[in-house]
1. List the residue pairs whose Cβ atoms are under 7 Å apart, where the first residue sits in the stretch 3-15 and is of a type outside the set (A, V, I, L, M, F, W, C), the second is assigned to a loop (DSSP other than H, G, I, E, B) and surrounded by 13 or more Cβ atoms within 10 Å (Cβ to Cβ), and the two are 6 or more positions apart or on different chains.
2. Residue by residue through the stretch 30-40, note down the ones that are surrounded by 15 or more Cβ atoms within 10 Å (Cβ to Cβ) and touching a helix residue (DSSP H, G or I) at 6+ places or on another chain (Cβ under 8 Å).
3. Check off (1) surrounded by 15 or more Cβ atoms within 10 Å (Cβ to Cβ); (2) over 8 Å from the mean Cα position of the chain (by Cα); (3) part of a helix (DSSP H, G or I) for Ile14 and give me the number that stays unchecked.
4. Output the residues belonging to the stretch 41-54 that are among the hydrophobic types (A, V, I, L, M, F, W, C) and surrounded by 15 or more Cβ atoms within 10 Å (Cβ to Cβ).
5. Of these, Ile14, Ile30, Ile9, which one is at pLDDT 95 or above, in contact with an Asp or Glu (Cβ under 9 Å, 6 or more places away or on another chain) and of a type in the set (Val, Ile, Thr)?
Amino acid sequence: MTKSNKILIGADEICAFMGGVDRRTLSKWIDKGLPVKKEEGRLVAHAENLEYFFKSYTSLASPPMQIR
């Protein structure tokens, strides 16, 4: 059986998919609505749902930031 690359199981897989963020950042995003579920003590998520969340989340951002 081949493992899906869209189903993420565990905080480490989710953090890696999200660009290598730390668990503190992951927790902050979960509090803001990141679509993850807790199953049998582990976080699970679907990659496309995470991408959709960030597409929406970043489109609602404050006025454009100045990058120096």
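1. The qualifying pairs do not exist here.
2. Leu34, Val36
3. Status for Ile14: all satisfied but (2).
4. Leu43, Val44, Ala45, Ala47, Leu50, Phe53
5. Being at pLDDT 95 or above, in contact with an Asp or Glu (Cβ under 9 Å, 6 or more places away or on another chain) and of a type in the set (Val, Ile, Thr) holds for just one of Ile14, Ile30, Ile9, which is Ile9.
The values are calculated or read from the model by the stated rules, or taken from the named source; none is laboratory data. What you see is a predicted model; the values in this text were computed from it and never measured. Methodologically, a virtual Cβ is constructed for each residue, glycine included, from the backbone with ideal geometry; neighbour enumeration extends over all protein chains shown.
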